[in-house]
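A.B. asks: My structure is below; once you've seen it, I'll send some questions.
The values are calculated or read from the model by the stated rules, or taken from the named source; none is laboratory data. Just so it is clear, the structure is predicted and the values come from calculations on it, not from any experiment. Cβ atoms come from the backbone with ideal geometry, glycine included; neighbour counts cover every protein chain shown. Ligands, DNA and RNA are stripped out before the accessible areas are found, and what is left, the full protein with its side chains, is counted by its heavy atoms. Shrake-Rupley method; radii C 1.70, N 1.55, O 1.52, S 1.80 Å.
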Amino acid sequence: MITKKDFCSRMDHSCLGWVCSRDMVKRFCDEALEFGFASVCVNPDQVAWTSEYLHGRCGVSCVVGFPCGANTVSTKVREGLEAIANGATDLDVVTNFSLLRDGNDVALTEAYKRFVDAVRSADPRVVIKIIMYAPYGPNGFLTEDETKRVAELIAQSGADYIKFNCDPDIIKRIVGNSIRMKFSGASTFELTMDALQKGCERIGEDSAAQWLRALPDGFWDTRV
């Protein structure tokens, strides 16, 4: 069973969006420290302040090429290296889906390699998560074939995690144990617990503090 400590240690507490004020970022940092979350995930402009505020007490995740992934590889590399210099411990980089849709798997593979190699050279301790999206029911962003192709490419990229927002069973069948899994955009406590039980080692969410405060007394007592 999953304990409260284990649950909290998997959370990337994400303060992302069009407007993320300093007060918002501070609240997410304070919640991460209160519950023992793995990291606070912020936009690039907030990395330096977040790192200084947390002062090593919690990880700092930074998104790269977010949200569309349509930057050039050189731009993503520069963005990632700047985030590391500003104190990021984790980088969550978005796939270029136009390359995938065009069937240009060679260019996509090279893009992953250049980014991973640059980050490893700068600081091998930095955790790299490559973001894909995949269908979770009707009107999925990617087709079944595209989901399989991009998951296989990410698994071979040298990154630490594949990050996605579909049923973890779909990804697990493709990548097996070749790469760790991060479930993104967790919208409920129940969905998050399901993802953890299916093998995801990180969760991207923005509401875990509210979920935990709303749980009834004694909820974790039977979880050992």
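A.B. asks: Using θ = phi - 60° and the Karplus form 6.51 cos²θ - 1.76 cosθ + 1.60, what ³J(HN,Hα) does each residue of the stretch 12-22 get, whole Hz, x for Gly and Pro?
C.D. replies: Couplings: 9, 7, 9, 10, 10, x, 5, 10, 10, 5, 4 Hz.
A.B. asks: Which trypsin sites (Lys or Arg not before Pro) in the stretch 37-104 pass both tests, a DSSP loop state and at most 16 other beta-carbon atoms within 10 Å?
C.D. replies: Details: sites: R57, K76, R78, R101; in loops: R57.
Hits after loop and neighbour filter: R57.
A.B. asks: Using 0.36 nm per residue of separation minus the Cα-Cα distance, give me the extension gain between S9 and N177 in nm, one decimal.
C.D. replies: Details: separation 168, 0.36 × 168 = 60.48 nm, distance 2.05 nm.
Fully extending the segment from S9 to N177 adds 58.4 nm.
A.B. asks: Return the calculated 222 nm mean residue ellipticity for the chain, to the nearest 500 deg cm²/dmol, obtained by summing -39500 (n - 2.57) across DSSP H runs with n ≥ 4 and dividing by the residue count.
C.D. replies: Computed ellipticity for the chain at 222 nm equals -13000 deg cm²/dmol.
A.B. asks: Compute the distance in nm between two label points, each set 7 Å from the Cα along the Cα-to-Cβ direction, one at E110 and one at D23.
C.D. replies: 4.9
A.B. asks: How big is the stretch 46-153 in terms of Cα radius of gyration and Dmax, in angstroms?
C.D. replies: 14.9, 43
A.B. asks: Please compute P(r) over all alpha-carbon pairs of the stretch 127-203, binned at 5 Å starting from zero, and give each bin as a whole-number percent.
C.D. replies: 3, 18, 30, 27, 17, 5, 0
A.B. asks: Once amide H atoms are placed 1.01 Å from N in the peptide plane, what residues at a sequence separation of 5 or more from V63, or on another chain, have their amide H within under 5 Å of its amide H?
C.D. replies: The answer is V42, D92.
A.B. asks: Please list, ordered by chain and number, the residues whose modelled amide H lies under 5 Å from the amide H of G199; skip anything fewer than 5 residues away on the same chain.
C.D. replies: none
A.B. asks: Under the classification rounded if a/c is under 1.5, otherwise prolate if a/b is larger than b/c and oblate if not, where does the chain fall, given a ≥ b ≥ c as square roots of the Cα gyration tensor eigenvalues? Intermediate values should be presented prior to the final figure.
C.D. replies: Details: a/c = 1.86, a/b = 1.22, b/c = 1.53.
In terms of gyration-tensor shape, oblate.
A.B. asks: With label points built 7 Å along Cα→Cβ from the Cα atoms of H55 and S74, find their separation and express it in nm.
C.D. replies: 4.0
A.B. asks: Could I ask something else about it? In Å², and per residue, what accessible area does the chain have when probed at 1.4 Å with the other protein chains present?
C.D. replies: On the way: 10710 Å² over 224 residues.
Per residue, the chain has an accessible area of 48 Å².
A.B. asks: Then there's this: Which value, in debye to the nearest 20, gives the size of the charge dipole of the chain about its Cα centre, when Lys and Arg are +1 and Asp and Glu are -1 at the Cβ? Show your work: numbers first, answer last.
C.D. replies: Values: 26 positive and 31 negative charges, 70 e Å.
Dipole of the chain, to the nearest 20 debye: 340 debye.
A.B. asks: Within the stretch 1-131, what whole-number % of the accessible surface is contributed by carbon and sulfur, with the 1.4 Å probe and all protein chains included in the calculation?
C.D. replies: Working: 3300 of 6120 Å².
For the stretch 1-131, the apolar C and S fraction of the accessible surface comes to 54 percent.
A.B. asks: Classify the stretch 114-167: rounded, prolate or oblate, from the alpha-carbon gyration tensor (a ≥ b ≥ c, eigenvalue square roots; a/c under 1.5 rounded; otherwise prolate if a/b is larger than b/c)?
C.D. replies: Working: a/c = 3.66, a/b = 2.50, b/c = 1.46.
The shape class here is prolate.
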